[in-house]
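So the structure is just underneath, and the comments pick up after that.
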Amino acid sequence: MGKLELIQTLTGHTGRVWSAAWHPTGKMFASCGEDKTIRVWTETDTDRWVTQTVLTDGHTRTIRDVAWSYCGHYLASASFDTTVAVWDKKSGEFECNATLEGHDNEVKSVTWSRSGSLLATCSRDKSVWIWEIHHAPDQEDEYECVAVLNGHTQDVKKVCWQPREDVLASASYDNTIRMYRQDVADGEWEMLEPLESHTSTVWSIAFDATGKRLASCSEDKTVKVWQQYGPDNTVGIVCPERGTVWKCVCTLAGYHTRSVYDIDWCKQTGLLATACGDDMVRIFREARDSDPNEPTFELVVTVPAHSQDANKVAWHPTVPGVLLTASDDSEIKVWKYVDEE
């Protein structure tokens, strides 16, 4: 078993804090929420987190999500005002140097590909958009929409890039997860078979460090772990020609008492963290004697993290065990997981 130790409670937002995202260095993070602002936080010499800057002029409605590019030079924000803003620090200060328009309704999530050349967004308009970034020396970057993917039949809640290749996953109100990849022959983006097992809205998804597993969380109060199988798999799972399939290999049920709104998979430790509508944050660990094809996970921490719905969990990118949480209670908290075994 283990425990979560509270390091610091951060205030400054008014209203719900919807999301928070670590800078890839772990030296700063960004948060956003109902107050239409983005706060960028940095760590002091005394290991305390303070607001470095507040970005107020990018959006006119709630900001639902923020994401840093892997190079760390760009911050994207997704808003209910139907736009995505891209911020950079080329001038020394954060400036909104691109506003991406096209969605017909609230934008719910934004994510950068590992390569840095692609950005994905999703919306209440049921679509997933993929944008290609064209960097030009001494000029403004250009963002071109290269695909509009309409595989979902309802509001799309989350998009997430696979960490090792440019494969995209999306989660939706239609109870499914979709995967997308670019066809090598014609360069067109194609939709793969949907991942179906949840019985209600899939709120969030997260890949593990290998990209071969995906965790999902849902309104149905469960967490599911999906595994990718290729044509060379040893368990007899049939795959399409040159393709792979994803199978649900584990369902974590009976642990959450309300909707599970977010999930994150720690790339260093393999710990799974969840944010729940019962105000709790939970951490799961794969059992040591787990079968890779039928894995078992054990609950190692349950903590009443917030006084209202927990909306976000985000593991630190470089320091194992450090976790951000954000909530409807306007607070962001920084925690440290300690293994007590």
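The values are calculated or read from the model by the stated rules, or taken from the named source; none is laboratory data. Just so it is clear, the structure is predicted and the values come from calculations on it, not from any experiment. With ideal geometry, Cβ positions are generated from the backbone for all residues, glycine too; neighbour counts draw on all protein chains shown. These area figures cover heavy atoms from the full protein model, side chains too; ligands, DNA and RNA do not enter into them. Shrake-Rupley method; radii C 1.70, N 1.55, O 1.52, S 1.80 Å.
Give me the base-10 log of I(q)/I(0) for segment 108-166 at each q in 0.18, 0.20, 0.29 Å⁻¹, Debye formula, one uniform scatterer per Cα, rounded to two decimals.
Debye intensities relative to I(0), on a log10 scale: -0.64, -0.75, -1.17.
Name the residues of segment 17-43 whose amide N is less than 20 Å from a point 7 angstrom out from the Cα of Lys336 along the C-beta direction?
22-23, 25-29, 42-43
Going through the cross-link list Lys212/Lys336; Lys108/Lys333; Lys158/Lys267; Lys36/Lys212; Lys247/Lys267, which pairs have a Cα-Cα distance over 29 Å in this structure?
Over 29 Å Cα-Cα: Lys36/Lys212.
Taking 0.36 nm per intervening residue step and subtracting the Cα-Cα distance, what contour gain separates Lys89 from Asp57 on full extension?
10.0 nm
Can you tell me the accessible area per residue over the chain, all protein chains present, probe 1.4 angstrom, in square angstrom?
Roughly 42 Å² per residue, with all protein chains present.
Highest first, please rank the peptides 21-29, 258-266, 232-240 by the mean number of other Cβ atoms sitting within 10 Å of their residues.
258-266, 21-29, 232-240
For segment 3-338, rounded, prolate or oblate, judged on the Cα gyration tensor with a ≥ b ≥ c (square roots of eigenvalues), a/c < 1.5 rounded, else prolate if a/b > b/c?
Since a/c reaches 1.5 but b/c is at least a/b, the shape of segment 3-338 is classed as oblate.
What is the distance in Å between the Cα centres of segment 205-271 and segment 19-62?
Centre-to-centre distance over Cα atoms comes out at 30 Å.
Pulled fully out, how much extra length does the chain show between Asp183 and Thr46, if you take 0.36 nm times their separation in residues and subtract their Cα-Cα distance?
44.3 nm
Return the tail of the calculated pair distribution for segment 61-207, meaning the percent of Cα-Cα pairs more than 21 Å apart.
40
Enumerate the amide H contacts of Ala147 below 5 Å, restricted to partners 5 or more residues apart or on another chain; note that Pro and chain-start residues carry no placed amide H.
Those qualifying (amide H under 5 Å, at least 5 residues apart or on another chain) are Ile130.
Would you mind telling me the share, in percent, of accessible area of segment 3-338 contributed by carbon and sulfur at probe 1.4 angstrom?
45
Roughly how many nanometres apart are two label points built 7 Å out from the Cα toward the Cβ at Asn293 and Thr99?
Computed distance between label sites Asn293 and Thr99 equals 5.4 nm.
Once Rh is set to the Kirkwood radius over Cα pairs, what Stokes-Einstein translational diffusion coefficient, in µm²/s, holds for segment 21-140 at a temperature of 10 °C and a viscosity of 1.306 mPa s?
For these conditions, the coefficient is 109 µm²/s.
Can you tell me the Rg and the Dmax, both Å, for the Cα atoms in segment 167-284?
Rg then Dmax for segment 167-284, in Å: 14.9, 48.
Mind checking which of Ala310, Ala326, Ala98 has the largest fluctuation in a GNM of the chain, springs on alpha carbons under 10 Å?
Ala98
Based on Cβ point charges of +1 for Lys and Arg and -1 for Asp and Glu, what charge dipole magnitude is obtained for the chain about its Cα centre, in debye rounded to the nearest 20?
Here the chain has a charge dipole of around 680 debye.
Sticking with the crude label model, points 7 Å out along Cα→Cβ, report the distance from Glu132 to Thr199 in nm, one decimal please.
Between Glu132 and Thr199, the simple spin-label model gives 4.4 nm.
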